[in-house]
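Q: Below is one structure. I have some questions about it.
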Amino acid sequence: MATQTIPVEDFDLVIIGGTGDLATRKILPGLYRRLCAGQMPPNARIIAAARSDYSQTEFKDFIKKALENYVKSIKRNEKNIALFLERLIYIKLDALGDEGWKELAESLRKDVIHAFYFSVGPSLFAPLAERLMKYKITDDKTRIVVEKPFGRDLASAQVLNSVLAKCFREDQIFRIDHYLGKETVQNLMALRFANALFEPLWNSQHIDHVQITVAESLGVEGRGAYYDKSGAMRDMVQNHLMQLLCLTAMEPPSTFDAASVRDEKLKVIKALETIELNDVVRGQYRADGKADSYQDESGNPDSTTESFIALKVNISNWRWVGAPFYLRTGKKLRNRVSEIAIVFKDPPHSIFTDSPDLKGNILTIRLQPDEGINLSMTIKEPGPGGMRLTEVPLDMTFAEHLDDDDLGMPDAYERLIMDVIRGNQTLFMRGDEVEAAWGWVDRIIKQWEEKSLKPVLYDVGGNGPDDSLMLLHRDGRRWREVS
Ligand code: BG6
């Protein structure tokens, strides 16, 4: 399946934190791939700003190495790399002082889109926004992009929102959640709203429950200091899993534009019931002789931060009452799997005496790996000899059709950056949406903090703590395998 590339308007993109991990692993390699795909206008420029002392040549050498590390060899060619490096400018900038700001202001071209990607911690968002104003670097068309974590609770998110609101209109602020840039996440909206087949069944009359799993096989690696202050609830549930839940549960927006889509997502968050502690399982991985424990990896031997969480979430509205959403995410699990499974109700009655217990269909929207959509169907086992039934998958795996490196499919970050340049906020979070999500998450965290609830331990390489299995067993349900 060939992908279509529509060039964007000419731009100057400033990456603040331009020598950091995100910039070198994701943003710059992503932009290079957009250049290869022909989406970048010929004069577009990327200005990397950071504290380090780099000459222009040193910086370009540094980025050349990053491209060698983070772009697959099939996509690297000397001519395109040289073209890409020509577009790069490096500016030494002090986010908290005055160094570099005048130079940055002077380096920007007039009459092109200006986007500022704050690829730095949230404590720098306010000083950066204020300096952009002070040096009169912004104009009506300016966009700023802010990374997660957007605060660590409702109060801090409100502060960030109000600081940014002093300098920018809401339609200039792009709060990134890279899950929204994933191909299959957008396909979920196409599946639901471009096909008449599923929508009549998309409710608790026909759906028994929904499972959302984001399992990772890696641990906290070198991010222990950050992660230990967040845990799975803040790092994953408040944003990525919440977005998946919203897109699965929301009502059809009247149009596919930023305001309508985000209005509908916000309604879902507002309809989430506050969860009681017996519907929450917090876990932490333990050492097993071969692998380190979470406490070892995070460098905090007394840590009670959760590296796994499972939740039973009820949505109080007409569509979903009676069909819970079970969410789970964790590190150091058996496999890296992200999927949404819509588990339909069992057929009400079996006419097949050989198969008295018919199973409900399961629609699986697989984000990674093997992106695709799969519907389990019950059919007759082929061959003579009676009416025995068997389950087969109706498989719409698009990974093989939409291979990112061979056919130019953008990854989540590059797609989202191009949306920033286009000024399209549909796949970004609005301020009120982020605050509502924090409000819900805060109420749950408060309960476990008040009760000093410690996480239960789980083995590396499994499905998470047994208590998480119980969360479903007690409702007569079971998790899908993390495979
Ligand atoms: C990040 C989290 O936002 O998402 C990480 O901070 C997590 O802890 C990552 O590993 C998962 O993203 P992906 O795209 O690899 O599923």
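Q: Nearest 10 degrees, 0 to 90: what angle lies between the long axis of helix 258-270 and the longest principal axis of the chain (Cα atoms)?
A: Roughly 50 degrees, rounded to the nearest 10.
Q: For the stretch 24-75, give the magnitude of the charge dipole about the Cα centre (Cβ charges: +1 Lys/Arg, -1 Asp/Glu; no others), in debye to the nearest 20.
A: 280
Q: Starting from the Kirkwood Rh over alpha-carbon pairs, what translational D in µm² s⁻¹ does the stretch 99-146 have by Stokes-Einstein at 25 °C and 0.890 mPa s?
A: The estimated diffusion coefficient comes to 218 µm²/s.
Q: What is the stretch 177-285's relative contact order, in percent, from Cα pairs under 8 angstrom and six or more apart in sequence?
A: Working: 43 pairs, mean separation 27.4, N = 109.
It comes to 25 percent, rounded to a whole number.
Q: Pop a pseudo-label 7 angstrom from the Cα along the beta-carbon direction at both ASP171 and ASP302 and give the gap in nm to one decimal.
A: About 5.2 nm separates the two model spin labels.
Q: Which whole-Hz couplings ³J(HN,Hα) result when phi for each residue of the stretch 346-353 is put into the Karplus expression 6.51 cos²θ - 1.76 cosθ + 1.60, θ = phi - 60°, listed in order with x for Gly and Pro?
A: Residue by residue, the stretch 346-353 yields 5, x, x, 7, 9, 8, 9, 5 Hz.
Q: Run the dipole for the stretch 85-193 about the Cα centre, Lys and Arg Cβ at +1, Asp and Glu Cβ at -1, nothing else charged, and hand back the magnitude in debye, nearest 20.
A: Charge dipole, the stretch 85-193, about its Cα centre: 180 debye, nearest 20.
Q: Give me SER254, SER107, SER303 sorted ascending by neighbouring Cβ count inside 10 Å, so fewest comes first.
A: On the way: SER254 11, SER107 16, SER303 20.
Exposure proxy ranking, most exposed first: SER254, SER107, SER303.
Q: Continuing with the same structure: Calculate the translational D of the stretch 1-104 in whole µm² s⁻¹ from Stokes-Einstein, where the hydrodynamic radius comes from the Kirkwood formula applied to all Cα pairs, the temperature is 10 °C and the viscosity 1.306 mPa s. Mind showing how you got there, number by number?
A: Details: Rh = 14.3 Å.
Result for D is 111 µm²/s.
Q: Tell me the Kirkwood hydrodynamic radius of the chain in angstroms, computed as one over the mean inverse distance between distinct C-alpha pairs.
A: Evaluated over the chain, this radius sits at 24.2 Å.
Q: Next up: Could you state the orientation-averaged shadow area of the convex hull built on the Cα atoms of the stretch 365-483, in nm² to one decimal?
A: The Cα convex hull of the stretch 365-483, projected and averaged over all directions, gives 13.8 nm².
Q: Relative to the longest principal Cα axis of the chain, at what angle does helix 56-70 sit, 0 to 90 degrees, rounded to 10?
A: Roughly 20 degrees, rounded to the nearest 10.
Q: Further, regarding this structure: Fewest first, what order do GLU433, GLU251, GLU106 take by the number of other Cβ atoms within 10 Å?
A: By the 10 Å Cβ count, ascending: GLU106, GLU251, GLU433.
Q: If packing is taken as the mean number of other Cβ atoms within 10 Å per residue, what is the order of 279-288, 146-155, highest first? Don't skip to the answer; put the middle values down first.
A: Working: 279-288: 21.5, 146-155: 18.7.
Highest mean packing first, the order is 279-288, 146-155.
Q: Which order do MET250, MET387, MET189 fall in if you start with the one that has the fewest other Cβ atoms within 10 Å?
A: MET387, MET189, MET250
Q: Further question: Modelling each spin label as a point 7 Å along the Cα-to-Cβ direction, I'd like the SER55/ARG25 distance in nm, to one decimal.
A: For SER55 paired with ARG25, the spin-label model returns 3.1 nm.
Q: Give the peptides 115-123, 356-364 in descending order of average Cβ contacts within 10 Å, highest first. Don't skip to the answer; put the middle values down first.
A: Working: 115-123: 21.0, 356-364: 15.6.
Result, highest mean Cβ count within 10 Å first: 115-123, 356-364.
Q: Using a basic spin-label model with each label point 7 Å from the Cα along Cα→Cβ, how many nm lie between ASP346 and ASP292?
A: With each label point 7 Å from Cα toward Cβ, the separation is 4.7 nm.
Q: To continue, here is another question. Pairing the Cα long axis of helix 412-422 with the longest principal axis of the chain, what angle in degrees results, from 0 to 90 and rounded to the nearest 10?
A: 60
Q: How large is the translational diffusion coefficient of the stretch 160-227 in µm² per second when you combine the Kirkwood radius over alpha carbon pairs with Stokes-Einstein at 4 °C and 1.567 mPa s?
A: 78
Q: Can you grab the distance from the C-alpha centre of the stretch 207-251 to the C-alpha centre of the stretch 423-465, Å, no decimals?
A: 7
Q: Alpha carbons only, please: Rg and Dmax for the stretch 227-354, in angstrom.
A: When restricted to Cα atoms, the stretch 227-354 yields Rg and Dmax of 18.5, 59 Å.
Q: Please report the orientation-averaged projected area of the stretch 49-139, defined via the convex hull of its C-alpha atoms, in nm².
A: Its Cα hull, projected and averaged over all orientations, spans 7.0 nm².
Q: Just name one of LEU469, GLY330, GLY383: the one whose Cα is farthest towards the positive end of the charge dipole of the stretch 328-483 (beta-carbon charges, Lys/Arg +1, Asp/Glu -1).
A: Most positive-ward Cα: LEU469.
Q: Under 26 Å Cα to Cα from LYS60, which lysines show up? Leave out anything in the same chain fewer than 8 places away.
A: Partners within reach: LYS26, LYS72, LYS75, LYS79, LYS92, LYS102, LYS110.
The numbers here are math on the coordinates, done by the rules we state, and not lab data. Just so you know, these numbers come straight off a predicted model, no measurement behind them. All Cβ positions, glycine included, derive from the backbone under ideal geometry; neighbour counts span all protein chains shown.
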